[in-house]
Amino acid sequence: MKGALKSAVDGIGTGIKFLTASRFFWYVLFAFIAYLGYQRLTKPKEETYLELPLPDSGSGIPKGWNPNPLVEEFHAYFDSWFGNSDDLRDSYIKALSLTDDQFHTMVQTYNAKYGKKDSATLWTRVTSWKKILFSWSGDQQQRMENRMITLKLNY
C-alpha cells in the first residue's frame, strides 16, 4: 500500500513540474488571478451598502415606511442636467425630517440602486459642484451634508 501511495505522490509531483515548466500555465494562472481581482473590485456595492448597521437598530423606522419614493426624487434631480432646484430643496427638507434610521436606510437604498450603476453615491451627488452651482438650496444642502457626516454616510 505504501508503494502505491508513494508512486501516486511522485506522479502528481511530476505532473506539477511539467505544468509549471510551461509558459502557457503561467499565462492562464495570471489571467485567472486578474479575473478574480476584477471580480473582487467590481463586486456590486449593494452588498456593502445594505450591510451597514442602522443607528438605532431599526427602531426608528415606522411599519410600512418605504424609502423608494424619496430615493427616486433624488435620482430624478441628480439624473438630469438642469434639475429644478426647488425640487431638490423639497427633497432635502423631506430627507432631513426623517429619523436617523429612516435617513440611513434612504441613503443606503439610493447607494444600492444607483451607486454602482452611475458610479456616484448620494454623498458624491449631494456634494457635486455642478449640481451645487445650479441649485439654490444652500442651507438645506449644508444640513444634508452635515447629517450624512454625522451618521458616517459620507462615502
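The values are calculated or read from the model by the stated rules, or taken from the named source; none is laboratory data. If you're wondering where the values come from, they're calculated on a predicted model, not measured in any experiment. Don't worry about glycine lacking a Cβ; one is built from the backbone with ideal geometry, like all the others, and counts go over all protein chains shown.
Go through region 63-82 and count every residue that is small (Gly, Ala, Ser) and touching a residue at least 12 places away in the same chain (Cβ under 8 Å). Selection size over region 63-82: 0. From the residues in region 24-56 that are under 28 Å from Gln102 (Cα atoms) and among the basic types (Lys, Arg), which one is modelled with the lowest pLDDT? Step by step, filter region 24-56, then rank; the result is Lys45. One residue alone among Asp101, Asp90, Asp139 is surrounded by fewer than 17 Cβ atoms within 10 Å (Cβ to Cβ), modelled with pLDDT of 80 or more and either assigned to a helix (DSSP H, G or I) or polar (S, T, N, Q) (or both), and that residue is Asp90.
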